[in-house]
Every structure is written in structure tokens, then in C-alpha cells.
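Participant: Below is the structure I would like to discuss, written out as C-alpha cells.
The values are calculated or read from the model by the stated rules, or taken from the named source; none is laboratory data. Since the structure is predicted, the reported quantities are computational estimates derived from the model, not experimental observations. FYI the Cβ positions are ideal-geometry reconstructions off the backbone, even for glycines, and counts take in every protein chain you see.
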Amino acid sequence: MDRAIPVSGNEDIDLYMRTYYSLLRSSGEVQVRSLEETHSGMNASLHQGANSDAIDISAFVYSSLRLPVCLKDIRLVLLGQSAEVFARRGYPNIESWSVVKARARRRKMFFDGKDTLGVFINSISDIDDLVPMLTTFQIEWNKMHEKFERYGLLRRDHITPADFRLALELSDADFAKLEQIWGSSVTENLMQVARAEKRLALRMLAGSRTDYRRATQGWWKQAMQHGGVPDVHDRPVYFISSNMHALPNLLGGYAHTIADTLFDFLKKENPEGLVAEYNRLNANPQPGQRQNLLYYLLRQYLDSTAGEEYAARKAAHELAHGIHSVNQPFNLDVGVQVVELSQLDPAYFDPRLALSDADFSQLRHSDALIVNIDYPLGMAAYEILAHISANVGAMKGVYILGKAATLNGRVGDVMIPNVVHDEHSRNTYLFTNCFCAGDVAPYLGFGTVLDNQKAVTVRGTFLQNKQFMHLFYKEGYTDIEMEAGPYLSAMYENISPKRYPVNEIVKVYAEQPYDIGVLHYASDTPYSKRQSLLSKSLLYFGMDSSYATAVAILRRIFSLEMGVV
């Protein structure tokens, strides 16, 4: 094969990564302060203020949203792949600790109630994700501590919110961001910052490939035990990596059965001011938009006290129509859904699927399954797809739907790549994407569909800087994300008799035996202006692009099963 052009080489980023991987080989604790110099030196796009005395509030907020709130009390962070690994290294009851979560990152984490956090890592990508965030958190925490000391905050008899803001030299808008992440605890937490520096330590309990594989095997085994679908290992499969809400809503339609309840909830609670959107859609109906609003309200309603009882009803409705969900599987915080095509009922389908009962009659005899997973982080995608491929019947299609940053579009646009450069393997994958702009555009209300794009799979959101992005943009790469490369490495091994290569141009289209579809919807535009990559929740606005792409995937699967492609 041809050699790939290493367009991404960046010595500062490479130095940082070599530093933390070499330190984590130690069997003891590694002080995060030993990483601060190389972290600051790479001048990450998400932490450009690392070397400045000024608080980089955006970097601090970004990290805080992806770390548990209890991190303010943490001294030691333990990293391991599973409860078995923790037990082997002297922590036999890790799962009896308090379960803690981050608002913007799925990861199994446990707090001992004192000063220790246990984190289940699914792949090396969790290390590339966690280490920079912990380092950023500590750097910015300690900057705030120093400012409080210089201001003499603790020597004051009476401390007001204005004192905190003045000491930190933050604008009202930036100080409000601290309230965003800490809410009513902002004063208490800032007092904790004022009292002591943060001195985090890391300890890697195990890091072998075998441990990652074993964790993935345990995850899949439990998912299949609780999934209730027979003979998965013998049945043909369409694999989808997306989210846990789109497919059940589009195929199961439970939201439509309680539409009046959901709209009453909207009128009473008006979450995110969506009554205005409801009125706009009533006055000017748009295809798919009313359904998107209904699906979004369902999520909000199920999270409310009034809607708690409906969660079990929703699960029972979907199970009765062939949609089996396992939301809290063992080891990996990656939900699984298995959909039996023959058990679906087109009467509940979203109208955008445009499948009548007569059309669906061909699918009633299908033994094919859809296996949908809650998209994982980085190399966990490789581990998961490699394992699933070896434990199901014939693979009929692999479809990847996820968020990305765009260098040439706008938030809400959809990118369809046919070239992916993977920073993990340094391979450049060329493949035939089964989707084109015309497959998505009819269902997209606000954005633009850009096909024939080139994507780059990065190792971590912090592991890039302006030089990194500029080099890729010069080479025509406009789509930055974290999973496509590892998925393509797993697909390569699924269709080739050898392991995926390194630093090569890999022409997957030459051997492509099944459908490959990659769809990314833009959540950030980091090149046009400095934003926290993937830091904004798209909320209701994100329903437009995520459901347009999910519709395209399901229509493709139905067309293949009915033999019309």
C-alpha cells in the first residue's frame, strides 16, 4: 500500500503525550503538577490561556462539565478497566462506592466519599481525554487560588459574590459561567478554592490490551444476557453507532401515543422557552419539526417528577415492538439497543420513514437485527466493533452517526466524508460512503449537507492546537471528530486477513463487502472563532441534524432489506 502523508506531526503535542504515558507506567502515584509544563507548552486550542495569569474560564468550564462535581474534594484518581482490575490492585469493592457522573461525558466513575475517585477506562482514548482535562482543571483552580491569596479574600470579615468576581478579575458574563457549572454551590466551592491549592495525583492500575479486551467482552456478554434477543451470534446485523433516543423514537413512536400529555407539559413548564417553537410550528408546519419537538419533550418529561412513571411504560411499549434496550451495561458506560426488524410495527413509525404496512411486509420475514450503541469515545469504538463483529452473524452494514467540529461549515450542518485520516493509526482511509447529500437534505430543516468531505479523527479534544488545525485545513480536511478512524480500523480487520496497518493510505473501497455510512453533524466551528470544542449542548436545536441523519440511516437499512438499493 501507499504511505500516508503525516500532515499532523506536532512536536509539542507528541511531547505531552509521551510524558504522561511514560509517567503512568509507574506503579505508584503520578502528580499532575509534573504534567503542567508540557501541557501548557502544546498551546492547546481549548486551553490557550494555560501560561497566562488570567483565568481561562472557558477551559475550566469545559473540563468541569466533563468531570464529576466531587473533583473539588478529590486528591487521587485511580484508572482501571473494570471492577476485576480494581480488585486485583487492592480496591475490591469499587462498585460499592458512590456512583458519580459528569454532565457532558459518559464514563463509569465511583467516589469513596473522601478523596479518591475510581474511573473505568474503556481504551487509551479515555487516558488522552482525562489527563488533559484533569491538568486543565488543576492549572485553572490554582490560578484562582493565587488570585484569592493576593486579594486577601480569606482575611476579610465579610465576603460577597462581588469579592469573588473582583479577585478573579472576571467579567459578569464569565463569572456567570462558574455559576453554570456549580449552581447554588458556587460560593462554597470558591471558598474551597481559596483555602487550598489543588494537588491531584493519578495512578494507573492496569493498561494492557488484554484488560481492555476483557472489559469489552464483559460488557457485550452482559448486554446480550439482559437484551433478551435469541441467536444474535447467528443473525445478520446492521451496526449503528449513534445515541439511545433517535432509533426508539423513530421506530417505536411512543411519544406520539402520549402527545397530548407532552404538549400539556410544554404549556405548563415551558422548558427552554419552547412554547414559542410550538406556536411557530402550529402556524407554519414543517416536515419532521413537530416530531422532533415531541421527541425532545419526551426526554424532558421523563426526567421530570411528573414523568417518572412513564419511563417503564415507554420501555414496555418498545419491547413489545422489537426494541430491546440495555442502558447500564457492565464495565463500559455504553448503552446497547438490539432491534428485531421483523417485530417492528410501521403504524408507529415516524412519517419521515415513509414505509406503509404493504411495503413493510417484506421485512416481516427478515431475521436481521439492528445493533445500535451509544457512541463511545475514541479507541473504544475499535474495541467494541472488533468484538461485536466476531460475535454476530454476517455484517450487512456499519453506520456511524456522531458530533464533529467543522472547519468550513456552521453548527447544525451535516458532513459526509469519504476520506478519514486517523491520528491513532496515522492511516488515511479511503472508502465509499453509502450516503450523499440527497439522502439527508430532505429531512434537514436548518443546516446544509456537505458531502465528499475529508475528516480527521483526533486522539483527544485537547490534543490539537491552531497549528494542528491549520495543517489539516491546508490538506482539505474540514471535519474533526473522534470515532471514525478507530471504526474503520475495526472494519479493515473485519474484511482483511491481517491487522490494520500503520501510516498508510488504506483503500477500503477496493474490498468493501458491506455498507459503510459515516454522517457527522457539526456541534462547533473552532477554526472560525475560538469555541470550546464539543462544549455546547445543542439542546433542541441539535434534534434537527441528529434526526435527519438517523432517518437517512433507517431508510437505507429498509431499502437494503427490501432489495430496492
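Participant: For the range 179-211, which positions are part of a helix (DSSP H, G or I), modelled with pLDDT under 95 and among the aliphatic types (A, V, I, L, M)?
Facilitator: If the condition is that a residue be part of a helix (DSSP H, G or I), modelled with pLDDT under 95 and among the aliphatic types (A, V, I, L, M), then ILE181 is the only one that fits.
Participant: Ok, one more. Would you tally the residues in the range 398-415 being outside any loop (DSSP other than H, G, I, E, B) and in contact with a helix residue (DSSP H, G or I) (Cβ under 7 Å, 6 or more places away or on another chain)? Talk me through it step by step, then tell me what you get.
Facilitator: Kept after step one, since they are outside any loop (DSSP other than H, G, I, E, B), are these residues of the range 398-415: 398-406, 414-415.
Right, trim to in contact with a helix residue (DSSP H, G or I) (Cβ under 7 Å, 6 or more places away or on another chain) and you get 398-401, 414.
Final tally of qualifying residues: 5.
Participant: Can I ask one more? Going through PRO486, PRO513, PRO497 one at a time, which residue ends up being at pLDDT below 95 and under 23 Å from SER241 (Cβ atoms)?
Facilitator: Answer to the selection: PRO513.
Participant: Mind listing whichever residues of the range 17-57 are assigned to a loop (DSSP other than H, G, I, E, B) and β-branched (Val, Ile, Thr)?
Facilitator: Selection gives ILE55 alone.
Participant: Ok, one more. Within the range 94-103, is even one residue in a helix (DSSP H, G or I), of a type in the set (Ser, Thr, Tyr) and either outside the structural domain of GLN222 (by TED's automatic domain parsing) or touching a residue at least 60 places away in the same chain (Cβ under 8 Å) (or both)?
Facilitator: yes
Participant: Residues of the range 212-245 being hydrophobic (A, V, I, L, M, F, W, C), outside any loop (DSSP other than H, G, I, E, B) and out of contact with any Leu (no Cβ under 8 Å at 6 or more places or on another chain), which ones?
Facilitator: Across the range 212-245, the qualifying residues are TRP220, ALA223, MET224.
Participant: Could you check the range 333-359 and list, in sequence order, the residues that are in contact (Cβ under 8 Å) with a residue 24 or more places away in the chain, more than 28 Å from LYS108 (Cβ to Cβ) and not small (Gly, Ala, Ser)?
Facilitator: GLU340, LEU341, LEU344, ASP345, TYR348, PHE349, ASP350, PRO351, ARG352, LEU353, LEU355, ASP359
Participant: Need pairs with beta-carbon distance below 7 Å; first residue closer than 16 Å to ALA490 by Cβ and assigned by TED's automatic domain parsing to the domain that holds GLU483 and within the range 418-430, second crowded, with 24+ Cβ neighbours inside 10 Å and of a type in the set (D, E, K, R); sequence gap 6+ or separate chains.
Facilitator: TYR429/ASP422
Participant: In addition: What number of residues within the range 299-318 are without any contact (Cβ under 8 Å) to a residue 40 or more places away in the chain and in a helix (DSSP H, G or I)?
Facilitator: Qualifying residue count, the range 299-318: 8.
Participant: Also, quick follow-up: For residues that are on the phi < 0 side of the Ramachandran plot and in a loop (DSSP other than H, G, I, E, B), tally how many sit in the range 319-357.
Facilitator: Residues in the range 319-357 being on the phi < 0 side of the Ramachandran plot and in a loop (DSSP other than H, G, I, E, B): 15 in total.
Participant: Tell me, which residue of the range 378-397 that is in a loop (DSSP other than H, G, I, E, B), surrounded by fewer than 24 Cβ atoms within 10 Å (Cβ to Cβ) and of a type in the set (A, V, I, L, M, F, W, C) is farthest from the chain's Cα centre (by Cα)?
Facilitator: ALA394
Participant: Hey, among the residues in the range 246-280 that are in a helix (DSSP H, G or I) and of a type in the set (Gly, Ala, Ser), which one's nearest to PHE349 (Cα to Cα)?
Facilitator: GLY252
Participant: Please find, within the range 444-460, the residue that is surrounded by the fewest Cβ atoms within 10 Å (Cβ to Cβ) out of those that are touching a residue at least 40 places away in the same chain (Cβ under 8 Å) and of a type in the set (A, V, I, L, M, F, W, C).
Facilitator: Looking at the filtered set, the residue picked out is PHE446.
Participant: Which one of VAL131, VAL85, VAL61 is surrounded by 23 or more Cβ atoms within 10 Å (Cβ to Cβ) and either within 16 Å of the chain's Cα centre (by Cα) or under 25 Å from ASN43 (Cα atoms) (or both)?
Facilitator: Exactly one residue qualifies, and that residue is VAL131.
Participant: Just give me the residues in the range 461-480 being buried (at least 24 other Cβ atoms within 10 Å of the Cβ) and either part of a loop (DSSP other than H, G, I, E, B) or under 18 Å from the mean Cα position of the chain (by Cα) (or both), in sequence order.
Facilitator: Once the filter is applied, which keeps residues that are buried (at least 24 other Cβ atoms within 10 Å of the Cβ) and either part of a loop (DSSP other than H, G, I, E, B) or under 18 Å from the mean Cα position of the chain (by Cα) (or both), the range 461-480 yields THR461, PHE462, GLN464, ASP479, ILE480.
Participant: Let me ask something additional. Does PRO236 fit the bill of being touching a strand residue (DSSP E or B) at 6+ places or on another chain (Cβ under 7 Å) and over 16 Å from HIS324 (Cα atoms)?
Facilitator: For PRO236, the condition - touching a strand residue (DSSP E or B) at 6+ places or on another chain (Cβ under 7 Å) and over 16 Å from HIS324 (Cα atoms) - is met.
Participant: Let me ask something additional. Are any residues in the range 108-126 in a loop (DSSP other than H, G, I, E, B) and surrounded by 21 or more Cβ atoms within 10 Å (Cβ to Cβ), and if so, which ones?
Facilitator: LYS108, ILE121, ASN122, SER123
Participant: Cβ-Cβ distance below 8 Å, separation of 6 or more or different chains: which pairs start in the range 253-277 with a residue that is closer than 23 Å to LEU319 by Cα and without any contact (Cβ under 8 Å) to a residue 40 or more places away in the chain and end on one that is of a type in the set (Gly, Ala, Ser) and surrounded by 15 or more Cβ atoms within 10 Å (Cβ to Cβ)?
Facilitator: Pairs found: LEU262/ALA255.
Residues are listed down the side, and each one gets a yes or a no for (1) within 30 Å of ILE388 (Cβ to Cβ); (2) without any contact (Cβ under 8 Å) to a residue 60 or more places away in the chain:
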residue	(1), (2)
ARG150	no, yes
ARG155	no, yes
PHE164	no, yes
LEU190	no, yes
ARG203	no, no
ARG209	yes, yes
TYR238	yes, no
